[in-house]
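Each remark here refers to the structure printed beneath this line.
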Amino acid sequence: METFNVGGKEYNWNSDTKFTVEVGKGSGKYSPRYSFVGNFVQASFYYACINVGLGYKKRLVMERDGERTVISRCLS
């Protein structure tokens, strides 16, 4: 199991952990854009590279053992 730190919080993940980059608009729902299994580095890279315009939002979600955890979120 590996550990990473985002915003002062520690997160643990392994090769079965699914990371999803989701994008939404306004007050609407998020929709999945990209998914990565067991690769936090690639997921965080795609999250950072998505340029959200005015009125859009994005978030990086970690799914492990049936739990969804929002790691990072950006609203514009």
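The values are calculated or read from the model by the stated rules, or taken from the named source; none is laboratory data. This is a predicted model, so every value here is computed, not measured. Backbone-built Cβ (ideal geometry, glycine too); neighbour counts: all protein chains shown.
Numbers at a glance
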| item | result |
| --- | --- |
| Counted residues, the range 13-33 - those being touching a residue at least 12 places away in the same chain (Cβ under 8 Å) and over 11 Å from Arg59 (Cα atoms) | 8 |
| Filtered residue count, the range 42-63, keeping only those that are at pLDDT below 90 and either within 20 Å of Glu2 (Cα to Cα) or surrounded by 13 or more Cβ atoms within 10 Å (Cβ to Cβ) (or both) | 1 |
| Residue among Ser72, Ser15, Ser35, Ser31 that alone is in a loop (DSSP other than H, G, I, E, B) and not acidic (Asp, Glu) | Ser15 |
| Close pairs (8 angstrom Cβ cut-off, 6 or more residues apart or separate chains): touching a residue at least 60 places away in the same chain (Cβ under 8 Å) and under 13 Å from Glu22 (Cα atoms) in the range 54-76, surrounded by 15 or more Cβ atoms within 10 Å (Cβ to Cβ) and of a type in the set (A, V, I, L, M) anywhere | Ile71/Leu60; Ile71/Val61; Ile71/Met62; Ser72/Leu60 |
| Single residue of the range 5-62 satisfying the filter (of a type in the set (Gly, Ala, Ser) and in contact with a Leu (Cβ under 7 Å, 6 or more places away or on another chain)) that is farthest from Cys74 (Cα to Cα) | Ala43 |
| Search result, residues across the range 1-12 that are in contact with a strand residue (DSSP E or B) (Cβ under 7 Å, 6 or more places away or on another chain), part of a strand (DSSP E or B), surrounded by fewer than 10 Cβ atoms within 10 Å (Cβ to Cβ) and not hydroxyl-bearing (Ser, Thr, Tyr) | Glu10 |
| Lone unmet requirement of (1) surrounded by 14 or more Cβ atoms within 10 Å (Cβ to Cβ); (2) assigned to a loop (DSSP other than H, G, I, E, B) for Val23 | (2) |
